[in-house]
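**Q** I have a structure I would like to understand better, so I am pasting it below and will then ask my questions one at a time.
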Amino acid sequence: MALMELDAITKSFGAIHALQGVNLVVGEGEAVGLMGDNGAGKSTLMKIIAGNFPPTKGAIRIEGRKVEFSKPLDARDSGIEIVYQDLALCDNLTAGANVFLGRELKKRIGPFRYLDHATMFERAGALFSELKSETRPRDLVRQMSGGQRQAVAIARTRLSDPKLVLMDEPTAAISVRQVAEVLALIKRLKDTGHAVVLVSHRMPDVFEVCDRVAVLRRGIKVADKRIGDTSPEEITGLITGAIEAA
Amino acid sequence: MSDPSRTPQEVHRETAQAPPRSHAEIDESVTSRQEMSGWQSALRTQPFWVFIAIIAIGIVMSLVSDVFLTERNFFNITRNFAFFGIMALGMSAVICTAGIDLSVGSLMGLSGIVTGLVMQAGFGIVPGFLACMATAAAVGLINGILIAYLRMAPFVVTLGMLAIARSIAMVVSNNKMVYQFGPDQDLFERIGGESVFGVPNPVWVMLFLTLVFWWVWRYSTWGRWVIAIGGNAHAAKLAGIPVERITVSVYVVCSLCAGLAAFLMVGWFGSVTNGLGQTYELNVIAASVIGGANLMGGVVYAFGAPIGAALMELIRNSLLLAGIDALWQQFFVGLFLILAVLLEQIRNRGGR
């Protein structure tokens, strides 16, 4: 059974049709690239899956069950974690604090509950080493490189052991040499059995880590192909409209 | 990087297929930074340096004036700044969320008058205290809801409340002084005006609250969330933190601190007019900022509030004892305020 099925997702903002009848199936442990030009509807589709707003029409099914998200936390509860483009980190907190933001671990003495810093730092450190990142849990995010920030954002998704990780342009804002590191992080997510939906502008990234690629153009899905059955040239043609559909 | 003989894809393939590099290679400037011990990180905080300034002024003053080091003078200094310290603790929380509360001075007047009127009417000290805190909580709640849910600018909302609260205080007091506090008058005046073990009661309250806030900022989820909201409210929201509710609670906490300060101050004075606390908001904000609060949000120190308030009172006291015209007081408070922020900027630049 497919992990996630998007069934004829349509989203209109007034007269603008951002998405029209988009179907997408993501299997367990599968990495799917979502590509398209600016305004093709990638972000809108991401936001619908992430629970930022509901689709106008259509349904989302997780493991065969229909789900409706009214806020991002609902998506998380259904096993979907999101790595946002701007990473959504608090600069003034440590890496460990950011990993556990909103789900802090607590200890209890009598009626008092207090933050369990030691365990949180320890577990954040373990997550970073699982990702083979040398990010240190006690360092402030403010002092970190783009790649380390990405590691913090990805480590955060693993707290709940999600089934699906959505990544919005994870390599857009970092230097070329850190891209390798982030792609390695994504591969490790895949290796540990997580499905990944990767929204990216960067053709090489998608071909590097994804099993399949779906192309959106003007709100319509124009292609959905296995990476082995296509080429960057074909995908580029599909994105720009030089190739109508495949 | 841009080698014209190769396509971006080729460049990418090379970088992507290289074995994952360690971060030490990628950013040595970051990873070579040693982890700091607690003592070292204290050295980097603003309250620490303000505390050093306090010690320095203290040493100079004990040489200049033989009155400075007397028990009487210390009693006065600590009691005078305790009220500001209590309010600055709450103000620091608001400033940590990148907000501001200009209404605390007027709120002192309003909650002080409410306390006075309730006790004058013959209700005991407990109803008086509860009325005082309920008034404060209501004002904080209104501020917070307007700011968090209607997304109005904190400066404007609390500026409006500054006028409104003062005006209500004038109306309900009929512009008269209250100096009779009913059956519990004695107890009321003792709580605000007397001392335990030679330390004025308001100072005990401030010390206790400072420890409470220290614990809150360090160990409570609420404190962690307030700091996160100050750092990046959008990120906090996406992480599932109830940003609006927490923001409202921050303004309520700030108002409760002002209400508590008013309750103690009225007891100490033995009377209350609707002018109580006029322009105090500026001193409280100054004390918070000198103590390390950053108006951009995301920074808070529990010990900063009393230390900032202490420095301001110390300046006042020192000028007085040194025989310098009291008219200079505001000049030096302003000078220290600007210096404190300047120092912080310089330190931050060095730390990046």
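**Q** Can you pull out the residues in the stretch A:175-192 that are charged (D, E, K, R) and facing chain B (nearest Cβ under 10 Å)?
**A** A:Arg177, A:Glu181, A:Lys187, A:Arg188
**Q** Looking only at the stretch B:244-284, which residues are of a type in the set (Val, Ile, Thr), surrounded by 24 or more Cβ atoms within 10 Å (Cβ to Cβ) and under 19 Å from B:Gln180 (Cα atoms)?
**A** B:Val266, B:Val272
**Q** So which residues in the stretch B:234-250 are more than 7 Å from chain A (Cβ to nearest Cβ) and farther than 17 Å from B:Ile95 by Cβ, if there are any at all?
**A** B:Lys237, B:Pro242, B:Glu244, B:Arg245, listed by residue number.
**Q** Please indicate, with yes or no, whether at least one residue in the stretch A:193-209 is farther than 23 Å from A:Ser160 by Cα and away from chain B (no Cβ under 14 Å).
**A** The answer is no; no qualifying residue exists.
Every residue, every condition in (1) in contact (Cβ under 8 Å) with a residue 24 or more places away in the chain; (2) within 17 Å of the chain's Cα centre (by Cα); (3) closer than 21 Å to B:Ser92 by Cβ, yes or no:
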site	(1), (2), (3)
B:Ala134	no, no, no
B:Leu141	yes, no, yes
B:Leu150	no, no, no
B:Ala153	no, no, yes
B:Met177	yes, no, no
B:Leu209	yes, yes, yes
B:Ser220	no, no, yes
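**Q** Here's something else I'd like to know. Every residue in the stretch A:175-218 that is of a type in the set (A, V, I, L, M, F, W, C), more than 18 Å from A:Val26 (Cβ to Cβ) and out of contact with any helix residue (DSSP H, G or I) (no Cβ under 8 Å at 6 or more places or on another chain), please.
**A** Correct list: A:Ala184 only.
**Q** Further, regarding this structure: Restricting to helices (runs of 4 or more DSSP H) lying wholly in the stretch A:147-246: which have 3 or more residues that are closer than 21 Å to A:Gly79 by Cβ and of a type outside the set (Asp, Glu)?
**A** A:176-191
**Q** On to the next question. Mind listing just one residue for me: the one in the stretch A:92-141 that is assigned to a helix (DSSP H, G or I) and surrounded by fewer than 18 Cβ atoms within 10 Å (Cβ to Cβ) and, of those, modelled with the lowest pLDDT?
**A** A:Glu130
**Q** Output the number of residues of the stretch A:157-177 satisfying the condition of being in contact with a Phe, Trp or Tyr (Cβ under 8 Å, 6 or more places away or on another chain) and crowded, with 19+ Cβ neighbours inside 10 Å.
**A** Qualifying residue count, the stretch A:157-177: 1.
**Q** Looking only at the stretch A:3-43, which residues are assigned to a loop (DSSP other than H, G, I, E, B), touching a residue at least 60 places away in the same chain (Cβ under 8 Å) and among the aliphatic types (A, V, I, L, M)?
**A** If the condition is that a residue be assigned to a loop (DSSP other than H, G, I, E, B), touching a residue at least 60 places away in the same chain (Cβ under 8 Å) and among the aliphatic types (A, V, I, L, M), then A:Leu3, A:Ala40 are the ones that fit.
The values are calculated or read from the model by the stated rules, or taken from the named source; none is laboratory data. Since we're looking at a predicted model, the values are computed, not measured. Glycine gets a Cβ as well: all are built from the backbone with ideal geometry, and neighbour counts include every protein chain shown.
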